[in-house]
Amino acid sequence: MLIGLDLDNTLIGYDQAFLAVAAEMGLVATDFTGTKADIRAALRARPGGETDWQRLQGQVYGPRIDLAEAMPGSCDFIVRARALGHDLVIVSHKTRTGHFDPTGTDLRQAALGWLERQGYFSRLGFARDDIHFEDDRAAKLARIRALAPAIFIDDLAELLDDPDFPAATRAILLDDWAKVSARVLT
Ligand SMILES: [Mg+2]
């Protein structure tokens, strides 16, 4: 069967990168601990925080994506799915450039570089054509409808619950990859 996968916060985990870059940019104390959501809450709670948050995102999704990590269990899932003979495709809502990154880094190229360094095009068996970048949620849903995967896995409930999400595709909300693996690959 064909399995569709979201990219950001489904395959790529950004918590460590947000923490490191926020401290580096002087936006949080160097001993600050917490997830991406904790950092966002801390920044937005102060004046000008929204702009700082967007500047930070521009760095983490672009030039500093090297600090992002594979979501725990995601590579094991892919290896197991391949061993069972399933096909895999990635559909991401990712604009080409961020609004608050003065370096103008191509966010899609940055993500492709990350995937390459993680072995997606070697040991994990993806071809470049298996990775689809779309400009917004509507285009992402249209791509999922066109590909018609048996299953689509995403960390965002709003996408899976959207009326335009294809009825014939089984929607799986990512909580924990080991649990998803047990539900899907049996
Ligand atoms: Mg996501």
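Rounded if a/c is under 1.5, else prolate if a/b is larger than b/c, else oblate: which is segment 15-67, with a ≥ b ≥ c the root eigenvalues of its Cα gyration tensor? Since a/c reaches 1.5 but b/c is at least a/b, the shape of segment 15-67 is classed as oblate.
Remark: the THR103-LEU84 segment gains 2.6 nm on full extension, using 0.36 nm per residue and subtracting the alpha carbon distance.
Give the relative contact order (percent, whole number) for segment 87-145; include only Cα pairs under 8 Å separated by 6+ residues. It rounds to 49 percent for segment 87-145. In this structure, the amide hydrogen of GLY13, modeled 1.01 Å from its nitrogen in the peptide plane, lies closer than 5 angstrom to those of GLU69, ALA70, MET71, counting only residues at least 5 positions away or on a different chain. Each residue of segment 124-137 was assigned a 3J(HN,Hα) from its phi angle through the Karplus curve 6.51 cos²θ - 1.76 cosθ + 1.60 (θ = phi - 60°); the sequence is 9, x, 8, 9, 4, 5, 7, 10, 10, 9, 10, 6, 8, 5 Hz, with glycine and proline shown as x.
In segment 15-67, Cα pairs under 8 Å separated by at least six residues give a relative contact order of 41 percent.
Dividing the mean sequence gap of close Cα pairs (under 8 Å, 6+ apart) by how many residues the chain holds gives a relative contact order of 27 percent.
Residues of segment 15-67: accessible area per residue at 1.4 Å, in Å²?
Details: 2630 Å² over 53 residues.
About 50 Å² of surface per residue is accessible.
Applying the Karplus relation 6.51 cos²θ - 1.76 cosθ + 1.60 with θ = phi - 60° to segment 7-12 yields 3J(HN,Hα) values of 9, 6, 6, 10, 9, 9 Hz, where x marks Gly and Pro. Over the chain, dividing the summed -39,500 (n - 2.57) contributions of all DSSP H runs of at least 4 residues by the number of residues returns a 222 nm mean residue ellipticity of -12000 deg cm²/dmol.
Could you tell me what percent of the accessible area of the chain is made up of carbon and sulfur, with a 1.4 Å probe and every protein chain present? Could the numbers behind the result be given before it?
Working: 4510 of 9010 Å².
The value for the chain is 50 percent carbon and sulfur by accessible area.
Over every pair of different alpha-carbon atoms in the chain, take the mean of 1/r and invert it; report that Kirkwood radius in Å. List each step's numbers first, then the result.
On the way: mean 1/r = 0.0579 Å⁻¹.
Computed over Cα pairs of the chain, the Kirkwood hydrodynamic radius comes out at 17.3 Å.
Were the residues from ALA41 through ARG137 laid out at 0.36 nm apart, the gain over their Cα-Cα distance would be 32.2 nm.
Residues in segment 141-151 carry Karplus couplings, in order, of 5, 5, 5, 5, 4, 5, 6, 6, x, 5, 9 Hz; the curve used is 6.51 cos²θ - 1.76 cosθ + 1.60 with θ = phi - 60°, and Gly or Pro positions show x.
The values are calculated or read from the model by the stated rules, or taken from the named source; none is laboratory data. What you see is a predicted model, and the numbers here were worked out from it, not measured in a lab. Accessible surface areas use protein heavy atoms only, side chains included; no ligands, DNA or RNA. Shrake-Rupley method; radii C 1.70, N 1.55, O 1.52, S 1.80 Å.
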